[in-house]
Structures are given as C-alpha cells and as structure tokens.
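What follows is one structure encoded as structure tokens, with my remarks underneath.
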Amino acid sequence: DTAVSQTPKYLVTQMGNDKSIKCEQNLGHDTMYWYKQDSKKFLKIMFSYNNKELIINETVPNRFSPKSPDKAHLNLHINSLELGDSAVYFCASSQRVAHSYEQYFGPGTRLTVT
Amino acid sequence: DQQVKQNSPSLSVQEGRISILNCDYTNSMFDYFLWYKKYPAEGPTFLISISSIKDKNEDGRFTVFLNKSAKHLSLHIVPSQPGDSAVYFCAAGNNRKLIWGLGTSLAVNP
C-alpha cells in the first residue's frame, strides 16, 4: 500500500549508458515531480507533470527525458550518463489545489555513475 | 543564489526540551511555507505548513511561526522526542514550485 514508489532503489552504472527510473503513485494525485538531491544535499526540482502535461521543466540537460504514460506514473529516462549525474533522485506527487503545495515523496533512487 | 536558507546544518537537543529550527528566505513572492522531515534512505515527509497570510500554525507538538517582515520562519517542536531525530527541510512555494533549504539535522538525545 505504498503511496509513492520508485524502482530501482539503487542503480549503479557506467558512464555513457542509458537508464530509466520508474515512479508510481496510488494517491490519486494529478501532479507528479522529479527532484534531484546532489552531493551538497540540495533538493532541486527537475520536472513536473500535471495530468500528463509537462508544467515545470527546469534547466536540465536534454539527456534527461521524463515520460508520463498516465496520471499515476512518471518515469525518468537518462541518456549517456555522466559522472555528475550521480545523485539521489526523488519522485513526488501532489493534488493541484489552490494554495496547497503539499507533496508526497517516494523513497528515492540512488544513482551512482562510475 | 539560495532563496531559502537554513543556516544551522545541525542542532542537538535534550529529550523533553524544545527544538527550534530556523529558516530564512529572500523572495517576498513566496505564498506558502512547509516543513518536511527526512530519515536516512527515505524520502522527505510532510510535517506542517503555513500560508503567507498567517503567522502561526500548530499541529500537536509542532508549531510553525512566520515573520514576513523579517522573511523568517521557524519550527518549534515541544517536547522533543528521540524519534524526532532527522533532517528537517524548510521549503517555500511560489507559482506551483517549491524551493528548498539545505536542511538541518536534528539530534534529540535521551
């Protein structure tokens, strides 16, 4: 009965590879997010989808491509992985309600690029 | 440029005492503020929030205070419990986007 789940939890891969991280939420929320937490512990928004439509797209390399097949899923595909992509990636979801920013987070995916 | 700052990376408090975590922000357009708690190897968990039109919100042991003129908010936990030991993130919202602080690691000692 996990609210926001991510797979895999850990991902170790070599530079140049392509990898995907999957996220699913069963809260019935209409908005989903991808965050990156780097080595300095900054939690930074990367993308946000509302009802499968991209609404936030921060300055992120084109190698990162989110895909939302439906409201409950938001996947993150990363091409040509680089050392600097090593981080913890968090998926989150929320219900888009006026004056509410409450987001619910998954457990994170720790990506290590060697 | 950090719009949301948590200047204390860590805080240690005795069980039963009050924990006060602070957060400063620079953008006066923020209209909502939230505190999240994070345990190791888990995602952040929503704790409490406050709208910019209020100056206090209370939920059980947790109270958030907002001082708009000083662009400062604080989270009070009283009484502190060992299970409160975690990293606490302050986040501020504007235009559907949350900007996060770096977090304060709270240790509550028995």
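The values are calculated or read from the model by the stated rules, or taken from the named source; none is laboratory data. It should be emphasised that the depicted structure is a prediction, and the values quoted were computed from it without experimental measurement. FYI the Cβ positions are ideal-geometry reconstructions off the backbone, even for glycines, and counts take in every protein chain you see. Side chains included, ligands, DNA and RNA excluded: accessible areas come from the protein's heavy atoms. Shrake-Rupley method; radii C 1.70, N 1.55, O 1.52, S 1.80 Å.
Points to keep in mind about this one:
- Interface area, chains A and B: about 1900 Å² of buried accessible surface, summed, with a 1.4 Å probe and ligands, DNA and RNA left out.
- Here segment B:4-109 has 49 percent of its accessible surface on carbon and sulfur atoms, given a 1.4 Å probe and all protein chains in place.
- Note on segment A:4-113: with neighbouring protein chains present and a 1.4 Å probe, carbon and sulfur make up 49 percent of its accessible heavy-atom surface.
- Most mobile listed residue (A:Tyr89, A:Tyr101, A:Tyr49) in chain A, GNM with C-alpha springs under 10 Å: A:Tyr101
- Phi-based couplings in Hz for segment A:36-44 (Karplus 6.51, -1.76, 1.60; Gly and Pro marked x): 10, 10, 8, 5, 8, 6, 5, 9, 10
- The alpha-carbon positions of the protein assembly as shown define a convex hull whose volume is 127 Å³ per residue.
- Chymotrypsin sites (Phe, Trp or Tyr not before Pro) restricted to segment B:1-54 and DSSP loop, no more than 15 other C-beta within 10 Å: none
- Hydrodynamic radius by Kirkwood, which averages 1/r over all alpha carbon pairs of segment A:4-113, in angstrom: 13.9 Å
- In the context of the full set of protein chains, residues of chain B present 48 Å² of accessible surface per residue (probe radius 1.4 Å, heavy atoms only).
- The calculated pair-distance distribution of chain B uses every alpha carbon pair, bins of 5 angstrom beginning at 0, and gives 2, 13, 25, 25, 20, 10, 4, 1, 0 percent.
- Charged neighbours of A:Leu81, selected by a Cβ distance under 13 Å, balance to -1 (K, R count +1; D, E count -1).
- Straightening the chain between B:Met29 and B:Glu42 buys 1.6 nm, computed as 0.36 nm per residue apart minus the Cα-Cα spacing.
- Using a probe of 1.4 angstrom and keeping all protein chains present, the accessible surface of chain A works out to 51 square angstrom per residue.
- Comparing B:Ala41, B:Ala91, B:Ala70 in a Gaussian network model of chain B where C-alpha atoms under 10 Å apart are linked, the largest mean-square fluctuation is found at B:Ala41.
- Shown is the FRET efficiency for B:Ser105 and A:Ile56, computed with R0 = 30 Å from the Cβ-Cβ distance and rounded to the nearest 0.05: 0.60.
- Going from the isolated chain to the complete set of protein chains, segment A:75-114 loses at least 40 Å² of heavy-atom accessible area (1.4 Å probe) at A:Arg96, A:His99, A:Tyr101, A:Glu102, A:Gln103, A:Phe105.
- If you run the Gaussian network model on chain A, springs between alpha carbon atoms under 10 Å, then out of A:Lys19, A:Lys71, A:Lys41 the most flexible one is A:Lys41.
- Using the Cβ-Cβ distance between B:Ser12 and B:Asp55 with R0 = 30 Å, the FRET efficiency computed as 1/(1 + (r/R0)^6) comes to roughly 0.60.
- Interface burial in segment B:38-53, defined as at least 20 Å² less accessible area with all protein chains than with the chain alone at a 1.4 Å probe, covers B:Lys38, B:Ala41, B:Gly43, B:Pro44, B:Phe46.
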